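Visitor: Here's a structure for you.
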Amino acid sequence: MNDPHRNSGAAAFADRRDSACDDAELLRRISKGDEDAMAAFYREHGKVVLAQVLLVTGERVLAEEIVQDTMLAVWRGAASFRGESSVRSWVIAIARRQTRDRLRGRALRVVDDAFLADQPSSNPGPEVMALDRAKLAEVKGAIQGLASAHRELLGLVFGSGLSLREAADVLEIPVGTVKSRLSAARTALNRILNEKGQNL
Amino acid sequence: MNANSTHLDLEDLIAEVTGQAVGEHAREHLAGCEQCQLEANRWSLVADGVRDLAAEAAEVPEPARPPRTGRRALAGPWRRAAVIVGSVAASLVLLVAIGIAAGLVHVHLSGPGSGSGSETTLTSVSGCARLQQANGRLERVNGADVVIKTASGQLVTVTTTATTRLDASGALLGDITNGATVTVAGTSSDGRLAADLVIVSTNPPSLAVPGTVTVRGTVADAGAAGFTVVTSAGNRVPVTTSGGTAVSIFRASLSQLQDGGRTMAVGYPGPGGTLSALAVLQPPNWPVGAHAKLSVRNCSSTAINHEIMALAYGG
């Protein structure tokens with residue numbers, strides 16, 4: 001394949017691996033009250049966390065407030081990081097809890113994974129074909145029309161760059177459920193594109 | 001590889017799309033399998049969509065360019081404050097647009113001792129033929145009139161209305177009272193936030209500036225040495241203030257404008273040497289000697305207000 005994005009993804013993954021030790025060191029310094037480390041942590045993770053939260057909430061101001069609270073939680077709780085996960089997934093898990101707390105009480109759209117689950121097929125149907133025809137802008141619009149649980153997972157995997165295992169840890173669900181939810185998300189995405197009759 | 005078929009499973013496809021490690025066998029299969037390549041391309045398109053959305057979401061408004069005064073860049077907390085406020089400017093456009101339609105200020109011009117107003121103290125604004133501005137220091141407030149003293153010593157009398165936009169900055173720590181909504185930027189230490197800048201506004205701006213800790217919420221426990229910010233989530237953040245803390249009050253009252261503070265008025269000239277201005281602002285970060293020249297894209301209120309705010313608060 002000659003997909004230019006593959007290289008950027010690989011580079012980002014390599015960067016993540018290289019920065020893993022730096023992240024842990026940043027948290028150690030933050031736990032000792034190092035403001036510069038907190039600033040560096042914000043630079044490293046702030047945008048990713050904001051993007052992830054915004055993808056879930058769809059509300060910019062709310063998302064920024066959640067990031068603010070997340071960073072406060074990091075400042076206060078850096079010492080609690082035990083290295084059992086990547087720092088990226090750790091901070092996103094914090095943001096997710098903050099988001100959940102903020103959204104508690106709102107009417108949430110419940111996604112039934114079993115209902116939406118899609119099994120890979122060797123003969124792609126018209127819904128899959130819709131994705132083949134779609135332009136990037138159309139896909140972006142369709143992603144925003146997904147249920148929040150689907151947006152959240154796509155954000156974790158493709159936006160935040162978490163592995164399926166890390167995403168499962170953040171979401172507190174089995175890896176198998178992550179896979180079925182991913183497939184369901186793409187099915188829903190295809191359905192949205194197909195319903196809109198978007199094609200090239 | 002998928003145990004039930006010869007094709008790549010979802011985990012391999014995702015790993016391939018995200019650039020994570022893929023087994024040699026899977027990579028060899030992908031190289032020769034058109035179906036798996038198509039499937040990977042579909043996931044790549046989804047991934048690109050998410051990444052694009054993430055990139056758009058995480059964009060922080062660029063701070064406006066500082067006035068071309070030849071001065072050196074501000075340093076330390078002031079630079080941070082300038083960056084912060086620059087980002088605020090963009091978020092204010094809609095707010096300002098609401099107030100600008102009705103927010104006219106009448107500016108009367110007069111040279112010192114002449115009282116005639118024949119010597120104009122206004123400068124033209126490029127991009128909008130009729131728009132003019134006056135820069136200087138606040139000499140005094142007389143009732144609804146604001147008197148600005150320009151660098152050449154001329155006095156500009158500004159008559160305000162109830163809907164005039166007034167932004168004040170300066171020694172306003174005493175105006176940070178319990179219940180006020182604020183956005184605080186500063187440095188954290190020992191669980192406290194040492195404030196470089198406090199913005200008091202009933203509709204506080206959103207700040208997300210790398211390198212600076214920002215907190216937004218409601219003021220409680222206001223005292224001489226600081227206050228507590230209670231965030232919407234109920235977190236309580238103690239804030240310390242000092243003589244170096246800049247305070248800006250959006251939608252201020254006339255009494256909150258600071259005597260001697262750098263002041264800018266922008267508006268349209270009227271009959272008899274008057275000027276109907278759009279706003280009177282005291283930015284928090286204008287150094288002595290700066291003379292900000294306004295330039296706008298066009299005469300629309302949105303464009304004008306965007307540039308006013310960028311000029312006043314952009315650094």
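Visitor: Yes or no: residue B:205 facing chain A (nearest Cβ under 10 Å), touching a strand residue (DSSP E or B) at 6+ places or on another chain (Cβ under 8 Å) and either closer than 30 Å to residue B:276 by Cβ or at pLDDT 85 or above (or both)?
Guide: yes
Yes/no matrix, rows are residues, columns are (1) in contact (Cβ under 8 Å) with a residue 12 or more places away in the chain; (2) crowded, with 20+ Cβ neighbours inside 10 Å:
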{"residue": "A:136", "(1), (2)": "no, no"}
{"residue": "A:139", "(1), (2)": "yes, yes"}
{"residue": "A:143", "(1), (2)": "yes, yes"}
{"residue": "A:153", "(1), (2)": "yes, yes"}
{"residue": "A:161", "(1), (2)": "yes, yes"}
{"residue": "A:170", "(1), (2)": "yes, yes"}
{"residue": "A:174", "(1), (2)": "no, no"}
{"residue": "A:177", "(1), (2)": "yes, no"}
{"residue": "A:180", "(1), (2)": "yes, no"}
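Visitor: Sticking with this structure for a sec: Checking residue A:76 against (1) at pLDDT 85 or above; (2) within 8 Å of chain B (Cβ to nearest Cβ); (3) surrounded by 20 or more Cβ atoms within 10 Å (Cβ to Cβ): exactly one of these is not met. Which one?
Guide: Of everything listed in (1) at pLDDT 85 or above; (2) within 8 Å of chain B (Cβ to nearest Cβ); (3) surrounded by 20 or more Cβ atoms within 10 Å (Cβ to Cβ), residue A:76 misses just condition (3).
Visitor: Is it the case that some residue within segment A:106-113 is part of a helix (DSSP H, G or I) and either modelled with pLDDT of 75 or more or on the phi < 0 side of the Ramachandran plot (or both)?
Guide: The answer is yes, given that some residue of segment A:106-113 is part of a helix (DSSP H, G or I) and either modelled with pLDDT of 75 or more or on the phi < 0 side of the Ramachandran plot (or both).
Visitor: Could you please find all residues in segment B:127-156 being under 12 Å from residue B:264 (Cα atoms) and free of Cβ contacts under 8 Å to residues at least 60 places away in the same chain?
Guide: Across segment B:127-156, the qualifying residues are B:147, B:149, B:150.
The values are calculated or read from the model by the stated rules, or taken from the named source; none is laboratory data. Keep in mind that this is a model prediction, so the values were computed, not measured. Virtual Cβ from ideal backbone geometry, glycine too; neighbours counted across all protein chains shown.
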